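Undergrad: Take a look at the following structure, please.
Laboratory data are not the source of any read-out in this text; all were calculated from the coordinates shown. Since the structure is predicted, the reported quantities are computational estimates derived from the model, not experimental observations. Here the Cβ positions follow ideal geometry from the backbone for every residue, glycine too, while neighbour counts run over all protein chains shown.
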Amino acid sequence: MTMQATKVSVSLPASLLEFVESYRTAHQCKSRSQVIEQALELLRSQELEAAYREAAKEVDPAWDFAIADGLSDEAW
């Protein structure tokens, strides 16, 4: 599945550009854009994991007791 891409301009320090080029070559990426896309997907995934961890802290432990009230024994 190919997504529609929007072209943008990004300024990077020389050290990061060198890393992007090195990664592109080592991992046979088609372009710098592909390297940056992979990095952003990883960053988004990390943010989502952090949000899930935070949401899990908000779960009321009493809820486990409430959902275990025997309904699973009933035949629907």
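Undergrad: Working out 0.36 nm times the residue gap between Lys30 and Ala62, then minus their Cα-Cα distance, what length gain in nm do you get to one decimal?
TA: Working: separation 32, 0.36 × 32 = 11.52 nm, distance 5.12 nm.
Length gained between Lys30 and Ala62: 6.4 nm.
Undergrad: Name the residue from Ala14, Thr25, Ile36 whose Cα lies farthest towards the positive end of the charge dipole of region 14-58, charges +1 on Cβ of Lys and Arg and -1 on Cβ of Asp and Glu.
TA: Working it through, the farthest residue towards the positive pole turns out to be Thr25.
Undergrad: Any idea what the dipole of region 14-58 comes to, in debye rounded to 20, about its Cα centre with Lys/Arg Cβ at +1 and Asp/Glu Cβ at -1?
TA: Details: 6 positive and 8 negative charges, 32 e Å.
The calculated dipole for region 14-58 is roughly 160 debye.
Undergrad: If each residue of separation counts as 0.36 nm, what is the full-extension length gain between Ala14 and Tyr52 once their alpha-carbon separation is subtracted?
TA: 10.2 nm
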